[in-house]
Amino acid sequence: MRRLFDEELDELDNGFTEMGILVSNVVQQSVDAFIDHDRQAAQAIIDHDHDINEREIQLESKSFEIIALYQPVTSDLREVVTILKAVSDLERAGDHARNIAHATIDVKGNTRVSEIETQLAEMGHLTTDMVKQAIQAYVDKDEEAAKALVTINDQLIEYRDQIMRESYNKIATDADVLVAAMNYNNVASDLVRIADYLTNVGEWIVYLKTGQIVELKLMK
Amino acid sequence: MTKILETHDLHVYYGQHEALKGIDLSFEEGGITALIGPSGSSKSTYLRTLNRMNDLIPNVTVTGTIKFRDQNIYAPQTDLVTLRKEIGMVFQQPNPFPFSIYDNVAFGLKLAGEKNHERLDQVVETSLKQAAVWDEVKDHLHESALSLSGGQQQRVCIARVLAVSPQIILLDEPTSALDPISSSQIETTLLKLRTDYTIITVTHNLQQASRISDRTAFFMNGEVIEMDDTKKIFMNPARKETEDYISGRFG
């Protein structure tokens, strides 16, 4: 039997997926803008950051309304709670994409290090893939795909550590790269933070499916 | 925890119709157990077998065992008056006798031959206090119980059960005829009683079950689909039928 509640839940579920796609696109754009040194695209990301924040507020309000009016239980409750929690993770991932856009603007005009930028490009692509996989795992309600996110998270941490080491080495030999190298570190850290938030989304997908609250990073 | 009540392979037939299909459940001492399930799932039938109220219905056959403190209550030597003193029942419609509030609560003790007025006064007061209705009725004890509101009548009925010091209290949809405020007073009363009595309640109000009960048993078509801690049943039940029922997909 289809309930009135199912329509409300579908609306919430679709809203969350749309926000996921929006964040995924913004992460992709921020990475592309950084790689392409595209200051205009970076500025556009900063100008539209409030779109993501507004989405978060809409979905939170809708979740509160559903809880108050329908008092969901079991998997219904888990679905609402998953969205209520994961929506904050998505919003924060969006904040880090905005930070990357700021870094793009800050680096412009400074001495750059092309080999580190190549690594950052690889890392950026891996991160955007991960965001897409996380959103797909949510759409498919796929617990195994959600758990697999942590592997990419680990790869990204390795990238970041390597980029940081090389940035410091470069600064030691050539002080002119200071501004760019500091921004490389920041961008690498932002990408890892994005992956971290998407791993959290994965944890909420596991909760949605099983009712268990897990720490994927501790499960390895 | 001690098992106070156990049913094993309990079948109930109304004529040819099998209403209960072999129920195995056990209840630990203390706490509240909610019996939930769609209409016609035989949860009330189950509740009524627990103090043999079904004996009053013609054509009923009961097989299997029900043990109250290890004694089979369907054994021939069972004294029904004693059994129903130990396992009291509160019904859906408040059913005070057409006497004064005092006489309603004192009824069971008077029936048992208690004549000591001081003792009767004391039990009436204690029982009405336990049922959380004393403050509202203490100045009208000798007025008719029928003059009270539905919620007050129901709490007087609970006091009437408590007056004979039962071990188990059965309740058959005790708040379904009451407004939300009265229902909430009954719920508060039951939560106070759960430390001293074993309470088993049938309810159609799932929020009530989730608010007040420690354990929940889900009945469907004369069978128990699942019994577990209430939190588990309402957060993550093991069976799909349970999930579908309590999330309103059927029933």
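The values are calculated or read from the model by the stated rules, or taken from the named source; none is laboratory data. A quick note: this is a predicted structure, and the numbers were derived from the prediction, not measured. Quick reminder, even Gly has a Cβ in these numbers, built from the backbone with ideal geometry, and neighbours come from all protein chains shown. Heads up: the accessible areas ignore ligands, DNA and RNA and are worked out on the full protein's heavy atoms, side chains in. Shrake-Rupley method; radii C 1.70, N 1.55, O 1.52, S 1.80 Å.
So, taking all protein chains as they sit and a 1.4 Å probe, how much accessible area belongs to B:Tyr74, in Å² rounded to tens?
60
By accessible area of protein heavy atoms, probe 1.4 Å, what ranking do A:Met164, A:Met19 get, highest first? Don't jump to the answer; show the numbers that get you there.
Details: A:Met164 50, A:Met19 0 Å².
Listed by decreasing accessible area, they come as A:Met164, A:Met19.
Mind checking which of A:Ile83, A:Val113, A:Thr151 is farthest towards the positive end of the range A:38-170's charge dipole, using Cβ charges of +1 (Lys, Arg) and -1 (Asp, Glu) about the Cα centre?
A:Val113
Between B:Asp196 and B:Arg69, what is the label-point separation in nm under the 7 Å Cα-to-beta-carbon projection?
My value for the distance between the label points is 1.7 nm.
Mind giving me the FRET efficiency for A:Glu144 and B:Asn221? R0 is 25 Å, r the Cβ-Cβ distance, nearest 0.05 is fine. Each step should come with its number before you reach the end.
Numbers: r = 35 Å, r/R0 = 1.42.
With a Förster radius of 25 Å, E is 0.10.
What's the local net charge at A:Val113, with K and R +1, D and E -1, over the other residues with C-beta under 14 Å away?
Working: positive: A:Arg112, A:Arg165, A:Lys170; negative: A:Glu115, A:Glu117, A:Glu166, A:Asp174, A:Asp176.
Neighbourhood net charge equals -2.
Quick one: net charge of B:Ser41's neighbours, Cβ under 15 Å, K/R +1, D/E -1?
Working: positive: B:Lys21, B:Lys43, B:Arg48, B:Arg239; negative: B:Glu18, B:Asp172, B:Glu173, B:Glu223, B:Glu226, B:Glu241, B:Asp244.
Combined, the nearby Lys, Arg, Asp and Glu give -3.
With runs of 4+ DSSP H residues as the only contributors, calculate the mean residue ellipticity of chain B at 222 nm using -39,500 (n - 2.57) per run, divided by the residue total and rounded to the nearest 500. Intermediate values should be presented prior to the final figure.
Working: 10 runs with 90 residues, N = 251.
Here the helix-only value at 222 nm equals -10000 deg cm²/dmol.
Can you work out the FRET efficiency for the pair A:Thr151 and A:Asp36, with r the C-beta to C-beta distance and R0 = 22 Å, to the nearest 0.05?
After rounding, the FRET efficiency stands at 0.20.
Please state, as a whole number in µm²/s, the translational diffusion coefficient that the Stokes-Einstein equation yields for the protein assembly as shown at 10 °C and 1.306 mPa s, with Rh defined as the Kirkwood radius across alpha carbon pairs. Mind dumping the intermediate values first?
On the way: Rh = 26.8 Å.
Estimated diffusion coefficient is 59 µm²/s.
Given a 1.4 Å probe and heavy atoms of the protein chains only, how would you sort A:Ser189, B:Ser176, largest accessible area at the top?
The most accessible residue leads, giving B:Ser176, A:Ser189.
If you take the charge dipole of the range A:4-218 about its Cα centre, with +1 on Lys and Arg Cβ and -1 on Asp and Glu Cβ, which of A:Thr128, A:Leu208, A:His50 is farthest toward its positive end?
The one lying farthest along the dipole's positive direction is A:Thr128.
Based on the Cβ-Cβ distance from B:Thr188 to B:Asp244, what FRET efficiency comes out when R0 is 35 Å, to the nearest 0.05?
Details: r = 31 Å, r/R0 = 0.88.
That pair, B:Thr188 with B:Asp244, gives E of 0.70.
In degrees from 0 to 90, rounded to the nearest 10, what is the angle of the helix B:101-111 Cα long axis to the longest principal axis of chain B?
80
Could you check the simple spin-label distance between A:Ala121 and B:Leu111, using points 7 Å along Cα→Cβ, in nm with one decimal?
9.0
Kindly tabulate the residues in the range B:219-244 with an accessible-area decrease of at least 20 Å² between the chain alone and the assembly of all protein chains, using a probe of 1.4 Å.
B:Phe234, B:Met235, B:Asn236, B:Glu243
So for the protein assembly as shown, taking the charge dipole from beta-carbon charges (+1 Lys/Arg, -1 Asp/Glu), which of B:Pro38, A:Ala181, B:Phe27 sits furthest toward the positive end?
Among B:Pro38, A:Ala181, B:Phe27, the one farthest towards the positive end of the dipole of the protein assembly as shown is B:Phe27.
Calculate the spin-label point distance for A:Ala44 paired with A:Met182, positioning each point 7 Å from the Cα along the beta-carbon direction, and give it in nanometres.
Between A:Met182 and A:Ala44, the simple spin-label model gives 2.9 nm.
How big is the charge dipole of the range B:148-216 about its Cα centre, in debye rounded to the nearest 20, if each Lys and Arg gets +1 on its Cβ and each Asp and Glu gets -1 on its Cβ? Please list the in-between numbers first.
Working: 6 positive and 6 negative charges, 30 e Å.
In debye, rounded to 20, the range B:148-216 gives about 140.
Name the helices (complete DSSP H segments) of chain A with a Cα length along the long axis of 30 Å or more and a Kyte-Doolittle mean of at least -1.0, or state none.
On the way: long enough: A:4-36 (48 Å, 0.14); A:49-70 (32 Å, -0.56); A:74-107 (50 Å, -0.05); A:114-140 (38 Å, -0.20); A:143-173 (47 Å, -0.57); A:178-210 (48 Å, 0.42).
Correct list, ordered by number: A:4-36, A:49-70, A:74-107, A:114-140, A:143-173, A:178-210.
With +1 assigned to the C-beta of every Lys and Arg and -1 to the C-beta of every Asp and Glu, and no other charges, what is the dipole magnitude of chain B about the Cα centre in debye, to the nearest 20? Intermediate values should be presented prior to the final figure.
Numbers: 25 positive and 32 negative charges, 20 e Å.
Charge dipole of chain B: 100 debye, to the nearest 20.
Report the net charge of residues surrounding B:Ala145, where surrounding means a beta-carbon distance below 11 angstrom and charges are Lys +1, Arg +1, Asp -1, Glu -1. Present the calculation step by step, with values, prior to reporting the outcome.
Numbers: positive: B:Arg155, B:Arg160; negative: B:Asp103, B:Glu143.
Net of charged neighbours comes to 0.
Return the value, in Å² to the nearest 100, of accessible area buried between chains A and B (probe 1.4 Å, both sides summed). Walk me through the numbers before you get to the answer.
Numbers: alone 10540 and 12000 Å², together 21580 Å².
The summed interface area works out to 1000 Å².
Placing one identical point scatterer on every Cα of the range A:4-218 and ignoring solvent, what is log10 I(q)/I(0) from the Debye formula at q = 0.07, 0.12, 0.15, 0.17 Å⁻¹?
The computed values of log10 I(q)/I(0) come out as -0.24, -0.63, -0.89, -1.07.
Per DSSP H run of at least 4 residues, take -39500 (n - 2.57); add these up for chain A, divide by its residues and hand me the 222 nm value, nearest 500 deg cm²/dmol. Write down the numbers at each step before the final one.
On the way: 7 runs with 189 residues, N = 220.
Calculated mean residue ellipticity at 222 nm is -30500 deg cm²/dmol.
Can you tell me, using C-alpha contacts under 8 Å and at least 6 residues apart, the relative contact order of chain B as a whole percent?
Numbers: 477 pairs, mean separation 67.2, N = 251.
Relative contact order, chain B: 27 percent.
For the range A:42-158, what is the accessible area per residue in Å², given a 1.4 Å probe and the full set of protein chains? Please report the intermediate quantities before stating the final value.
Numbers: 4990 Å² over 117 residues.
Heavy-atom SASA per residue in the range A:42-158 reads 43 Å².
Counting other Cβ atoms within 10 Å of each Cβ, which trypsin sites (Lys or Arg not before Pro) in the range B:34-94 have at most 12 and sit in a DSSP loop?
For trypsin sites (Lys or Arg not before Pro) across the range B:34-94 that sit outside H, G, I, E and B with at most 12 neighbouring Cβ atoms in 10 Å, the list is empty.
Among DSSP beta bridges lying fully in the protein assembly as shown, give the percent that are antiparallel, nearest 5.
60
In degrees from 0 to 90, rounded to the nearest 10, what is the angle of the helix B:117-130 Cα long axis to the longest principal axis of chain B?
40
If the only charges are +1 at each Lys and Arg Cβ and -1 at each Asp and Glu Cβ, what is the size of the charge dipole of the protein assembly as shown around the Cα centre, to the nearest 20 debye? Please report the intermediate quantities before stating the final value.
Working: 46 positive and 73 negative charges, 408 e Å.
Dipole size: approximately 1960 debye.
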